[in-house]
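Note sheet for the following structure.
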Amino acid sequence: MENKSVKDYSVSGEEFQLVFDAVLELYKTEPQPSLEKLGSYYESEDYISHTDAKRNLFEKIYHWVRSYMLSKKIKLVEQHTKSDTKKLLDIGCGTGDFLAIAKKRHWEIAGVEPDAQARKIASKKTATKIETNEYLSQIPNESFDAITMWHVLEHVPNLSEQIQTLKRLLKPNGTIFIAVPNFKSHDAKHYKEFWAAYDVPRHLWHFSQTSIKKLFQKENMKVVKILPMKFDAYYVSLLSEKHKNGKMNPIKGFYRGFLSNLKAKSSSEYSSLIYVIQND
């Protein structure tokens, strides 16, 4: 696969390169912003995962879908978690909705979120102190039965280090749940450089099924199940229409999302995928 040039449509308007790694079958965003500068690329009212805003129909639909998916996610976690102790870590927990529903279902929760405003909302919503990323290094080994990263792994600067941390924090019979966009989906291939899920430079890595499997194999972990996130095809296609044509065309966006899910029935290449990962 060839390298791509992609624009930051949300904040800076800058151009970035997606450099293909043929061994891992993933794209890397280059240049990657320094840690000091990275935060500035999230400073947008449109960065929807850091807010509970419902200013327009699009945001209202987003939050309705998110609420629906929360119950699906916690049921998935419970289905694949073998331990009775129910200790859960959510990395990149945003405004805390997933942790809140987990707590209601009697999980012992811990959350990490780098954004200060989102962290404040999450702490209030869960009545639990939400920590910064530095907290991860202070947690004892083998502390959690379940670790979740819902659309977070693509944001972390040091990918190998992050996966090693997940391995360290997970109990031997624990389970990791990773949700990330899939650049091999139909909507990604259709929209090309306008595909909203590239979201450079906030997304530093762009994964395929092969890359996730290989990255976790390095730490003696295996993908035991892969599940689709079908709503993402519609959400991403709507944003991609806006990037491509300057306005959000609901008819075209929903059609492309529908087509992407339809084609994925035979290929399994959905717009976003959830990976269920356990120790090998």
**Message:** I need the shape label for the chain. Rule: rounded when a/c is under 1.5, else prolate if a/b > b/c, else oblate, with a, b, c from the alpha carbon gyration tensor.
**Reply:** rounded
**Message:** Compute a Gaussian network model of the chain, connecting alpha carbons closer than 10 Å, and tell me which residue from Ser266, Ser185, Ser40 fluctuates the most.
**Reply:** Ser266
**Item:** Placed amide H near Cys93: partners under 5 Å, 5+ positions off or other chain
**Value:** Val112, Glu113
**Fill in**
Rg from C-alpha atoms of segment 200-264, normalised by the globular rule of thumb 2.2 N^0.38 Å, equals 1.42
**Amide H contacts of Phe183 (H built 1.01 Å from N, under 5 Å, at least 5 apart or other chain)** = Phe207
**Message:** Explain nothing, just the number: dipole magnitude of the chain about its Cα centre with +1 on each Lys and Arg Cβ and -1 on each Asp and Glu Cβ, in debye rounded to the nearest 20.
**Reply:** 1120 debye
**Complete:** A student applying the Cα gyration tensor rule (rounded when a/c is under 1.5; otherwise prolate if a/b is larger than b/c, oblate if not) would label segment 96-180 oblate
**Asked** For segment 4-279, what is the percent of antiparallel DSSP beta bridges, rounded to the nearest 5?
**Response** 60 percent
**Contact order relative to length of the chain, as percent, for alpha carbon pairs under 8 angstrom and 6 or more apart** = 19 percent
**Message:** Please identify the DSSP H helices in the chain that span no less than 20 Å along the helix axis (Cα) and have a mean Kyte-Doolittle hydropathy of 1.0 or more.
**Reply:** none
**Complete:** Whole-Å distance linking the alpha carbon centroid of segment 176-242 with that of segment 119-135 is 27 Å
**Prompt:** Once amide H atoms are built 1.01 Å from N in the peptide plane, which residues 5 or more positions from Ile130, or in another chain, come under 5 Å H to H?
**Reply:** Ser123
**Request:** Would you calculate, for the chain, the mean residue ellipticity at 222 nm contributed by helices, counting each DSSP H stretch of 4 or more residues as -39,500 (n - 2.57) and dividing by all residues, to the nearest 500?
**Result:** -11500 deg cm²/dmol
**Prompt:** So what are the ³J(HN,Hα) numbers for segment 144-151, from phi and the Karplus equation (6.51, -1.76, 1.60; θ = phi - 60°), rounded to whole Hz, Gly and Pro as x?
**Reply:** 10, 7, 9, 10, 10, 9, 8, 6
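Each value in this text was obtained by applying a stated rule to the coordinates, not by laboratory testing. Computed from a predicted model, the values in this text were never measured in an experiment. All Cβ positions, even for glycine, are placed from backbone atoms using ideal geometry, and neighbour counts span all protein chains on display.
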